[in-house]
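The values are calculated or read from the model by the stated rules, or taken from the named source; none is laboratory data. Quick caveat: nothing in here was measured; it's all calculated off a predicted structure. For neighbour counting, all protein chains shown are included, and Cβ atoms are generated from backbone atoms with ideal geometry for every residue, glycine included. Calculation scope for accessible area: heavy atoms of the full protein, side chains included, ligands and nucleic acids excluded. Shrake-Rupley method; radii C 1.70, N 1.55, O 1.52, S 1.80 Å.
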Amino acid sequence: MFAFNHFNFNVLDLDRSLAFYKEALDLEPVKWNRREDFTIVFLGDKTTGFRLELTCLHDRKEPYDLGEVEYHLAMTAPDFDEAHRRHEAMGVICFENPSM
């Protein structure tokens, strides 16, 4: 039987990304894989076994352009309104669709 394991995002600035996922979603590193050319960090939520993989290529200089690809990471929150206030205060809400 297949089961979810992780989802990957490539990131340009690993420290900035780790700080964002900690502040915005309370995700923390659960596993590191440091290599000469890249670093992979798996983040966990302390509740499920699902992990978010952040991959940082050490020689990459330009930001990633995701273009029109509609990636998303779906998460639940015990208090949606509190989570929304937190993200609004951080200035990280890029799109809202209240009808959904």
Item to check | Verdict on MET90 being open to solvent by 80 Å² or more (accessible area, probe 1.4 Å) and either hydrophobic (A, V, I, L, M, F, W, C) or in contact with a helix residue (DSSP H, G or I) (Cβ under 9 Å, 6 or more places away or on another chain) (or both) | outcome: no
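For the range 24-62, which residues satisfy the criterion of being assigned to a loop (DSSP other than H, G, I, E, B) and open to solvent by 90 Å² or more (accessible area, probe 1.4 Å)? So that I can check it myself, show each step before the final result.
Keep residues of the range 24-62 that are assigned to a loop (DSSP other than H, G, I, E, B), which gives 26-27, 35-37, 45-50, 58-62.
If the condition is that a residue be assigned to a loop (DSSP other than H, G, I, E, B) and open to solvent by 90 Å² or more (accessible area, probe 1.4 Å), then ARG35, GLU36, ASP37, LYS46, THR47, ASP59, LYS61, GLU62 are the ones that fit.
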Next on the checklist: Among (1) loosely packed, with under 11 Cβ neighbours inside 10 Å; (2) in contact (Cβ under 8 Å) with a residue 24 or more places away in the chain, there is one condition VAL11 misses while meeting the rest; what is its number?
Outcome noted: (1)
Item to check | Selection from the range 2-23 of residues that are within 14 Å of CYS56 (Cα to Cα) and assigned to a loop (DSSP other than H, G, I, E, B) | outcome: VAL11, LEU12, ASP13
